[in-house]
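Written out below as C-alpha cells is the structure these notes cover.
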Amino acid sequence: MNFRFSLRVSVAAAAVSAALSASAVELRVLAHSSYSLPKPLVAQFERDTGIQLKVTKAGDAGEMLNKLILTKASPIADVVFGIDNALAGKALAAGVIDADVGAQAQRKSQASLPAGLVPVDYGYVTLNYDKAWFASKGVKLPATLAALAEPAYANLLVVQNPATSSPGYAFLLATIGQMGEEAAFDWWAKMRANGLKVAKGWSEAYYTDFSRNGGSRPLVVSYSTSPAAELFYAKDKPTEPPTGSLALPGGVFRQVEGVALVQGGQEREAARKFIDFLRSPAVQQQMQTVMWMYPVEPGVARDDVMRHAPEPTTFAAPSDKDIAEKGAAWVARWTKVVLK
C-alpha cells in the first residue's frame, strides 16, 4: 500500500474514532462486586449504541445500597444493578430509586420485583457442603436445620454476617420466613453455642473458611449454582462437582436481582438501553457462567453446566412488607444473639 495513502487512511480513521468518542454518552453504572459481563458483549453494546459504560463496583449489594443512600443528594450513578428482593424495600423507602422505568417495567419475566426494579436474574441462597469431607469423616449430611444445632455438627458451619453480606442477610430471612421470628432466633442462639462461625462476606466464608478451599468448615452459606461453578472452573475436569447444595426447609432464600434508574441520575435514554441490554438473550445466556444466576428472560436456554445446579423446590422468606419494616431490627437482634 502507498505510504501516503496509508497515512491518510490512518489519520482519517483516528479522526472518526475521536469524533465517536467525543459524541459518546457516558453512562454511570453502580453495581455490586459480583457484577461481570463478557467484554465482547459490552464492547458490542457500546459500538451499537454510542454509550460508554463507566462501571463502579461498590462491594456487597448491601454496601452498594448504603453508598447509594449516603450519596443521595449528589447521585454517583445513573443506573444501579444488583438490588435484590431482600433490599428492595430499603431502597424504595430511602427514595434512591426512580420508579419511572418506562416500558421496561412491563417486560415479562420469570421472577418479579417491586415497581421501579426490572428483574435481571435470580438464584437461591442455600447451604453448600464439601463432599470429600463428609465422605472421609463418615458424617451424614444434616436433614434439617434443627440437626445442625446438635453436637454431631458442632463447629461445621460458617455463615456470613447479615449486616455486611447479602447472602448472609438472605439466609437470616429464610430462617425467619420458615420458623417465625422467635423460633428462628432460638435456633441462632443454639447455633452460636454449637460453634457457628461468622465471616464478614461470601468471599471470606467460601474461599477462606470452607474446607473445600483449605478451611475447617465443611458447610457454608452459598448458592445453589456454586457446585456448577466449581465444576466449570475445575482444572482436572471432573464429571461431578466436588460440592453440593442442601435445600433444607428454612435454609433456602430465592434471590431476585434487578436493575433500576437512580433517583436524580442523568442519561435516562442511555440507562433504558442498558436495561434492555441486560435483558437481551445474549447477556441472559452468557451471564449464567459469569455471575452464576438463572436467567429471567422467558425462552432463554440454560447453559449445559446448569444441570448441576437444579433449582430448589421450596424456599422461604417473610413478606416484602415485613422485610422492609423489620429487616433492620432483625439484623440488630441477630447481632446481639450471635455476636455479643
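The values are calculated or read from the model by the stated rules, or taken from the named source; none is laboratory data. Because the structure is predicted, anything quoted here is derived from the model rather than measured. No Cβ is skipped: glycine too gets one built from the backbone with ideal geometry, and neighbour counts run over all protein chains shown. Heavy atoms of the whole protein, side chains included, go into the accessibility calculation; ligands, DNA and RNA do not. Shrake-Rupley method; radii C 1.70, N 1.55, O 1.52, S 1.80 Å.
Mind checking Rg over Rh on the stretch 236-340, alpha carbons, Kirkwood formula for Rh?
Result: Rg/Rh = 1.05.
Using Cα positions and a limit of under 20 Å, work out the aspartates and glutamates in reach of residue 190, with same-chain residues fewer than 8 apart set aside.
The reachable aspartates and glutamates, counting only those whose Cα sits under 20 Å from residue 190, are 150, 181, 182.
My understanding is that a pair violates if its Cα-Cα distance is over 31 Å; which of 57/108; 90/340; 90/131; 67/235 do that in this structure?
Values: 57/108 28 Å; 90/340 25 Å; 90/131 37 Å; 67/235 37 Å.
Violating the 31 Å limit, Cα to Cα: 90/131; 67/235.
Kindly identify the stretch 110-211 as rounded, prolate or oblate by the Cα gyration tensor criterion: order the square roots of the eigenvalues as a ≥ b ≥ c, call it rounded if a/c is under 1.5, otherwise compare a/b with b/c, prolate if a/b is larger, else oblate.
Cα axes put the stretch 110-211 in the prolate bin.
Using the per-residue mean of other Cβ atoms lying within 10 Å as a proxy for protection, in what order, highest first, do the peptides 159-168, 140-149 fall?
Working: 159-168: 24.0, 140-149: 16.3.
The peptides rank, most packed first, as 159-168, 140-149.
Which whole-number value in Å³ per residue fits the convex hull of the alpha carbons of the stretch 208-272?
Dividing the Cα hull volume of the stretch 208-272 by its residues yields 183 Å³.
Run through the DSSP bridge list for the chain and note the antiparallel percent, rounded to the nearest 5.
Numbers: 25 of 41 bridges.
Percentage antiparallel, nearest 5: 60.
With everything on Cα atoms, drop me the angle between helix 181-193 and the longest principal axis of the chain, reported from 0 to 90° to the nearest 10.
Result, in degrees: 80.
Is the C-alpha gyration tensor of the stretch 93-153 telling us rounded, prolate or oblate? Criteria: a/c under 1.5 is rounded; beyond that, a/b larger than b/c is prolate, otherwise oblate.
It is prolate, given that a/c is not under 1.5 and a/b is the larger ratio.
Over the chain, what is the relative contact order in whole percent, taking alpha-carbon pairs under 8 Å and six or more residues apart?
Normalised by residue count, the contact order of the chain is 26 percent.
Largest first and to the nearest Å, give the Cα extent of the chain along each principal axis.
81, 48, 36
If the only charges are +1 at each Lys and Arg Cβ and -1 at each Asp and Glu Cβ, what is the size of the charge dipole of the chain around the Cα centre, to the nearest 20 debye?
Details: 35 positive and 31 negative charges, 123 e Å.
In debye, rounded to 20, the chain gives about 600.
When only Cα pairs under 8 Å and 6 or more residues apart are kept, what is the percent relative contact order across the stretch 140-207?
Relative contact order comes out at 45 percent.
Any idea what angle helix 166-179 forms with the longest principal axis of the chain, computed on alpha-carbon atoms, 0 to 90 degrees, nearest 10?
Tilt relative to the chain: about 40 degrees.
Report the relative contact order of the stretch 18-168, percent, no decimals, based on alpha-carbon pairs under 8 angstrom and at least 6 residues apart.
On the way: 140 pairs, mean separation 31.3, N = 151.
Once normalised by length, the contact order is 21 percent.
Would you mind telling me the share, in percent, of accessible area of the chain contributed by carbon and sulfur at probe 1.4 angstrom? Don't jump to the answer; show the numbers that get you there.
Details: 8460 of 15670 Å².
Answer for the chain: carbon and sulfur cover 54 percent of the accessible area.
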